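Read-outs: derived from the displayed coordinates by stated rules, not from any lab. All figures in this text were calculated on a predicted structure; none of them were measured in a lab. Cβ atoms come from the backbone with ideal geometry, glycine included; neighbour counts cover every protein chain shown.
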Number of protein chains: 2
Amino acid sequence: MRYLLIYDITHDGTRTKVADACLDYGLARIQYSAFLGELSATHQRELLLKIKQRAGTHGLNVHLFPLDEKAWEKRQVIDRKEPGTDE
Amino acid sequence: MRYLLIYDITHDGTRTKVADACLDYGLARIQYSAFLGELSATHQRELLLKIKQRAGTHGLNVHLFPLDEKAWEKRQVIDRKEPGTDE
């Protein structure tokens, strides 16, 4: 199943560790604090466990949403670069 | 239908205007760059149009995902405050 993971994390080190965990599990970074990709039920559980472990005592807010084919096909995207930048 | 809207916006003024547009349409802010709530098909189209208008020529990356009941029930959340802060 495809999943969307979004987070708000204040502590810089924790944010990096959580981003790395998402990348380790094959999620793609679609925005600064948003990752998207296929996860098995086992990998989904493992990822959330790893995120909690890597965060240690630091605060974090993480949401993980399953996106089925219908939701995926009905998603909408606006993507415009800031003039004069590569971002 | 419930929708999740996430954005990456570099320009501060644009980010504020887009956040206000989401709040105007009754979405709740669940994270710094993420909003969630019910939208009719008409309001969903209007919101995206308003976001494009308010962004003017500035760059932005916005994703809007529909979340049906099944996705909503299977979402997972980790929410821990940073020690020593109210955040």
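Residues in segment B:39-61 that are more than 7 Å from chain A (Cβ to nearest Cβ), of a type outside the set (A, V, I, L, M, F, W, C) and surrounded by 14 or more Cβ atoms within 10 Å (Cβ to Cβ): B:H43, B:Q44, B:E46, B:K50, B:R54. For B:A55, are the conditions met, namely being under 11 Å from the mean Cα position of the chain (by Cα) and not polar (S, T, N, Q)? Criteria not met by B:A55. Taken over segment A:2-50, residues that are touching a His at 6+ places or on another chain (Cβ under 8 Å) and among the charged types (D, E, K, R) amount to 0.
Of all residues in segment A:50-70, those satisfying the criterion of being within 27 Å of B:L60 (Cβ to Cβ) and either of a type in the set (D, E, K, R) or assigned to a loop (DSSP other than H, G, I, E, B) (or both) are A:D68, A:E69, A:K70. What number of residues in segment A:27-38 are within 12 Å of another protein chain (Cβ to nearest Cβ), surrounded by fewer than 20 Cβ atoms within 10 Å (Cβ to Cβ) and in contact with a Leu (Cβ under 9 Å, 6 or more places away or on another chain)? Of the residues in segment A:27-38, 2 are within 12 Å of another protein chain (Cβ to nearest Cβ), surrounded by fewer than 20 Cβ atoms within 10 Å (Cβ to Cβ) and in contact with a Leu (Cβ under 9 Å, 6 or more places away or on another chain). Among the residues of segment A:8-26, is there at least one that is free of Cβ contacts under 8 Å to residues at least 12 places away in the same chain, among the aliphatic types (A, V, I, L, M) and either more than 9 Å from chain B (Cβ to nearest Cβ) or surrounded by 15 or more Cβ atoms within 10 Å (Cβ to Cβ) (or both)? The answer is no; no qualifying residue exists. Can you tell me which residues in segment B:33-49 are small (G, A, S) and outside any loop (DSSP other than H, G, I, E, B)? B:A34, B:G37, B:A41, listed by residue number.
Within segment A:62-77, the residues that satisfy the criterion of being in contact with a Lys or Arg (Cβ under 8 Å, 6 or more places away or on another chain) and buried (at least 16 other Cβ atoms within 10 Å of the Cβ) are A:H63, A:L64, A:F65, A:P66, A:L67. Of the residues making up segment A:4-32, those that are among the small types (G, A, S) and either part of a loop (DSSP other than H, G, I, E, B) or under 13 Å from A:K52 (Cα atoms) (or both) number 3. Taking segment A:71-87 as the range and being more than 7 Å from chain B (Cβ to nearest Cβ) and either in a helix (DSSP H, G or I) or within 12 Å of the chain's Cα centre (by Cα) (or both) as the test, the residues that pass are A:W72, A:E73.
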